[in-house]
1. Largest first and in whole Å, give the semi-axes of region 51-162's equivalent ellipsoid, each being the square root of 5 times a Cα gyration tensor eigenvalue.
2. As a footprinting exposure proxy, order 229, 150 by other Cβ within 10 Å, with the fewest listed first.
3. How big is D, in µm² s⁻¹, for region 188-276 by Stokes-Einstein at 25 °C and 0.890 mPa s if Rh is the Kirkwood radius over C-alpha pairs?
4. Could you please rank 235, 128, 1, placing first whichever residue has the fewest other Cβ atoms within 10 Å of its Cβ?
5. Simple spin-label model, 7 Å along Cα-to-Cβ: residue 105 to residue 92 in nm?
6. Which number do you get for Rg(Cα) / (2.2 N^0.38 Å) in region 46-89?
7. Calculate for the chain the 222 nm mean residue ellipticity that helices alone would give, adding -39,500 (n - 2.57) per DSSP H run of length 4 or more and normalising by residue count, nearest 500 deg cm²/dmol.
8. Please report, in whole Å³, the volume per residue of the convex hull around the C-alpha atoms of the chain.
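Every number here is computed from the coordinates shown, using simple stated rules; none is lab data. Keep in mind the model is a prediction, meaning the values are calculated, not measured. A quick note on method: Cβ atoms are made from the backbone with ideal geometry, for glycine too, and the neighbour counts reach across all protein chains shown.
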């Protein structure tokens, strides 16, 4: 199952904020046995968001996840831009209104925001409850902006997540969960880190190529991990397997490790350790 990510934010492109969200989401998607096939980063501009969607949709993903641009301020434009791209009207969503109101009431009671009735603040908050017609508001118990699930087409869904990492993780792991299950199904991902006896990545090249020819497929991936040169350095590689059946995924990974071990031995390189990643 193919997934694409659209990271939205001027602050990412100007370097004032480092994007940690996309890496986290990629790991979650891999853990479900699906594949992130492309990631794009665009500024807070509806036209650029549309261009980003057009770019990603060339690969025909089943799910596009946007990261950022769901808040109350003038540059939080993601939800409206997505709706416009798919020709959907935005409307006040009852669940969205409830989520926003309940969260601000709770935040005010905790002293984390002022209990304000100013027209400007209320209008900004109301903006977060404007969703594409037919979309679903996803509860946010960390911040205030709801996440949004939007089935744009029969074979294409959009998940809008906020850019604040703690909020993104909460929504992804809670409200978005049933929808992710429905679209992506149940899948599994396992990986292992292999430490070899060589300190030169170039010495691994032939073994990597031979492995790909004999054992590699769309469900198995092997990558060398060079970090620096040095006498004490030992080259590492990560090998991973994905699929819809956990036993098959585990067996495929075990077979792949042994296959790579065999190719390394043929090049007089030993495997010093194998660690299965969590």
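1. Values: eigenvalues 153, 32, 30 Å².
The answer is 28, 13, 12 Å, longest axis first.
2. Values: 229 9, 150 24.
The order, fewest Cβ neighbours first, is 229, 150.
3. Numbers: Rh = 13.1 Å.
It comes out at roughly 188 µm²/s.
4. 1, 235, 128
5. So the label points at residue 105 and residue 92 sit 1.6 nm apart.
6. So region 46-89 has a normalised radius of gyration of 1.15.
7. -11500 deg cm²/dmol
8. It comes to 159 Å³ per residue, whole-number rounded.
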